[in-house]
Amino acid sequence: MAEVTRETMEYDVVIVGAGPARLSAAIRLKQLDPDLEVVVLEKGSEVGAHILSGAVLDPSGLDALMPDWKEKGAPLNVPVREDNFYMLGEGGQIRIPNWPMPGLMNNHGNYIVSMGNVCRWMAEQAEGLGVEIFPGMSCSELVWGENGEVKGVVAGEFGLQPDGTPGASYEPGMELHGKYLFLAEGVRGSLSKQVIGKFDLSAGKEPQKYGLGMKEIWEVDPEKHNEGEVTHTMGWPLGRNAGGGSFIYHLENNQVYVGFVVHLNYANPHLFPYMEFQRFKHHPKVAELLKGGKRVAYGARAISEGGYQSMPKMVAPGVALLGCSVGMVNVPRIKGNHNAMLSGKAAAEAAHAALQAGRAGDTLDAYEAEVRGGPIGEDLRKVRNVKPLWSKYGLIGGLGLGGLDMWTNTLGFSLFGTVPHGKTDAEATEPASKHAPIDYPKPDGRISFDRLTNVSFSMTNHEENQPSHLRLGDPDVPVQVNLATYGGPSARYCPAGVYEFVKDDQGNDKFVINFQNCVHCKTCDIKDPSQNITWVTPQGGDGPNYPNM
């Protein structure tokens with residue numbers, strides 16, 4: 001495609017993605033200088049289309065960005081009123097009291113929100129300041145400058161045929177050039193992955209770790225609804241098979257967000273994260289809440305869990321990585337949106353100072369210094385050992401040691417230093433022969449559901465006459481290696497049923513990719529034991545279309 005001629009548009013700052021980090025960056029840039037030319041490119045059909053609602057938001061990021069957010073009508077309407085932690089067994093639960101927990105675990109002052117609606121509101125604020133926002137614009141390539149710096153992206157390419165050649169309705173898209181490019185694609189973004197590899201930004205850092213988060217939105221019986229209640233659980237059904245847990249958040253309008261996270265460093269390739277989620281909902285405490293209710297949406301996404309020691313270098317010539325492109329989730333708090341907002345603000349301030357000094361296309365070192373030495377670094381350093389201690393000592397040992405470490409870190413020291421993560425999540429996968437298969441109960445269609453039925457509640461859609469955005473390095477590896485050695489884990493780790501192994505007419509195993517089902521969680525890019533699957537962005541507007549609720 002090198003011979004394709006594209007129109008170009010010039011900006012001061014080009015921002016890829018329209019989540020909390022990127023919108024914060026856009027807003028802050030225009031606050032600092034209304035004359036700056038700033039554009040935000042979003043691959044979803046609209047801002048918020050790829051953000052499944054339901055989070056507990058620490059408003060510190062929003063406070064720093066827009067102290068008058070209440071007066072401006074930010075959709076933070078449900079303060080947390082009740083905060084519960086439970087250890088589950090198959091038939092019951094033990095409540096963990098709040099008093100032994102470090103203060104940083106307290107949700108007082110936080111809000112249960114729809115992050116989709118928060119981002120829609122932030123987009124309105126950004127546009128009111130003069131930011132240009134283009135939804136439905138996938139960014140498929142990086143544009144490089146003469147000195148090896150990143151100077152922009154190719155966006156809006158449509159009409160490629162399945163073999164990658166231009167079709168009759170082909171549109172080449174355009175090049176958007178910026179004096180600086182901000183990549184805020186979320187977890188495991190395809191362009192961010194290229195930048196990290198090209199500039200070796202992960203050198204000397206621990207490998208990034210991930211979890212798979214699955215979520216359903218339910219409308220429940222008003223008598224069971226308790227607006228402002230936040231509940232987190234650990235234990236059953238995962239047990240010793242994997243780390244993880246659940247969250248149940250009671251929003252307004254009798255809605256409840258029910259979610260389940262599975263840490264992707266599990267060893268047993270027979271583990272089926274989606275079915276663990278469905279089984280979880282049959283716990284007596286959860287089933288009673290959902291009985292008589294209605295599931296109205298489903299989605300899934302990967303979550304960065306490596307924390308402070310896994311954050312790569314986040315700047316290179318002409319480009320900065322923001323939010324989940326770096327990995328800024330506070331794992332024990334299950335919160336990252338506040339840090340994403342703070343990262344966007346910090347990147348904007350560094351870029352503004354550079355532009356004021358007449359610079360362009362260089363490295364924004366001031367941004368990285370602020371992230372590591374400012375509120376984000378402080379937030380993440382205190383909890384840096386929770387995930388690796390859990391992985392090393394299991395649920396009970398990790399809970400005790402992680403809690404102790406959080407307490408000592410609030411006093412300014414750690415008994416453990418900085419605990420390494422070790423293997424990547426892909427490397428943690430062991431051969432199927434080392435583990436017994438896991439028998440999962442069949443979904444009942446009332447509280448639990450099969451994958452394809454649930455995927456229909458994500459409103460996922462992909463134009464089928466385009467190249468698959470799930471690329472195989474070697475087409476023989478899925479059957480000859482992953483199925484033969486690992487039991488075909490892609491058929492289970494994908495929460496959307498994208499991958500399956502079938503028999504062809506000769507009775508041979510065949511690997512099938514149903515890319516139209518993809519909800520863009522990127523688990524395959526992370527967990528595939530052979531690292532043979534690469535997720536790239538499909539054409540703009542494709543993917544999930546999560547509801548405006």
| remark: Once the dipole of the stretch 303-459 is set up from charges on Cβ (+1 Lys and Arg, -1 Asp and Glu), the residue from the list 303, 358, 331 lying farthest towards its positive end is 331
| query | Residue by residue, what Karplus-based ³J(HN,Hα) values in Hz, rounded to whole numbers, does the stretch 435-447 have, using 6.51, -1.76 and 1.60 with θ = phi - 60° and x for Gly and Pro? | reply | 9, 7, x, 10, 8, 10, x, 6, x, 8, x, 10, 10
| said: With a 1.4 Å probe and all protein chains left in place, how much of the accessible area of the chain comes from carbon and sulfur atoms, in whole percent? | reply: 50 percent
| message | Rounded to the nearest 5, what % of DSSP beta bridges with both residues in the chain are antiparallel? | response | 70 percent
| field | Formal net charge of residues neighbouring residue 199 (Cβ-Cβ distance under 14 Å; K, R +1; D, E -1) | value | -1
| note | Between residue 200 and residue 134, the two model label points (7 Å from Cα along the beta-carbon direction) sit apart by a distance in nm of 3.5 nm
| note | Dividing the helical contributions, -39500 (n - 2.57) per DSSP H run of n ≥ 4, by the residues of the chain yields a 222 nm value, nearest 500 deg cm²/dmol, of -7000 deg cm²/dmol
| said: Between the stretch 213-270 and the stretch 138-205, how far is it from one alpha carbon centroid to the other, in angstrom? | reply: 35 Å
| message | Could you report the stretch 82-172's accessible area per residue, 1.4 Å probe, as an integer in Å²? | response | 47 Å²
| At q = 0.15, 0.17 Å⁻¹, base-10 log of I(q)/I(0) for the stretch 1-128 (Debye sum, equal scatterers on each alpha carbon) | -0.83, -0.96
| Can you tell me the accessible area per residue over the stretch 474-549, all protein chains present, probe 1.4 angstrom, in square angstrom? | 37 Å²
| note | Length gained, residue 10-residue 531, 0.36 nm per residue minus C-alpha separation, equals 183.9 nm
| said: I want to make sure I understand the PRE zone here: with the label point 7 angstrom from the Cα of residue 381 toward its beta carbon, which residues in the stretch 346-371 have backbone N atoms less than 16 Å away? | reply: 368-371
| Within the stretch 1-39, what residues put their amide N at less than 19 Å from the label point 7 Å along the Cα-to-Cβ vector of residue 144? | 1-6
| task | Could you pull out every residue, at least 5 positions away or on a different chain, whose amide H is within less than 5 Å of the one on residue 152? Hs are placed 1.01 Å off N in the peptide plane, and Pro or chain starts have none. | result | 143, 178
| query | Between residue 226 and residue 446, what FRET efficiency follows from the Cβ-Cβ distance if R0 is 25 Å, with the result rounded to 0.05? | reply | 0.70
| request: Could you sort 381-388, 495-502, 73-80, 461-468 so that the peptide with the highest average Cβ count within 10 Å comes first and the rest follow in order? | output: 381-388, 495-502, 73-80, 461-468
| query | What list of ³J(HN,Hα) values in whole Hz, one per residue of the stretch 481-491 in order, does the Karplus curve 6.51 cos²θ - 1.76 cosθ + 1.60 (θ = phi - 60°) give from phi, with Gly and Pro shown as x? | reply | 10, 5, 6, 5, 9, 10, x, x, x, 4, 5
| note | Looks like the stretch 174-304, by Cα gyration tensor root eigenvalues a ≥ b ≥ c and the a/c under 1.5 rounded cutoff (else prolate when a/b is bigger than b/c, oblate otherwise), is oblate
| task | Set the Förster radius R0 to 45 Å, insert the Cβ-Cβ distance between residue 98 and residue 506 as r into 1/(1 + (r/R0)^6), and round the FRET efficiency to 0.05. | result | 0.15
| request: Compute the whole-percent fraction of alpha carbon pairs in the stretch 247-400 spaced more than 19 Å apart. | output: 64 percent
| field | Residue-normalised accessible area of the stretch 301-374, given per residue in Å² at a 1.4 Å probe | value | 27 Å²
| message | Expected output is a single nm value to one decimal: the length gained when fully extending between residue 415 and residue 106, i.e. 0.36 nm times separation in residues minus the C-alpha distance. What is it? | response | 109.0 nm
| field | Student exercise, the chain dipole from Lys, Arg, Asp, Glu Cβ charges, in Debye to nearest 20 | value | 1900 debye
| query | Among rounded, prolate and oblate, which fits the stretch 99-231 when a ≥ b ≥ c are the square roots of the eigenvalues of its C-alpha gyration tensor, a/c under 1.5 means rounded, and a/b larger than b/c means prolate? | reply | prolate
| request: Could you order peptides 100-110, 60-70 by the average number of other Cβ atoms within 10 Å of their residues, highest first? | output: 60-70, 100-110
| field | Highest to lowest packing among 283-290, 394-401, scored as the average C-beta count within 10 Å | value | 283-290, 394-401
| Which residues in the stretch 172-211 place their backbone N less than 11 Å from a point set 7 Å from the Cα of residue 33 along the Cα-to-Cβ direction? | 179-180
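The values are calculated or read from the model by the stated rules, or taken from the named source; none is laboratory data. All figures in this text were calculated on a predicted structure; none of them were measured in a lab. Cβ sites come from the backbone with ideal geometry, for glycine too, and all protein chains shown count toward neighbours. All accessible areas refer to the heavy atoms of the entire protein, side chains included, with ligands and DNA or RNA removed. Shrake-Rupley method; radii C 1.70, N 1.55, O 1.52, S 1.80 Å.
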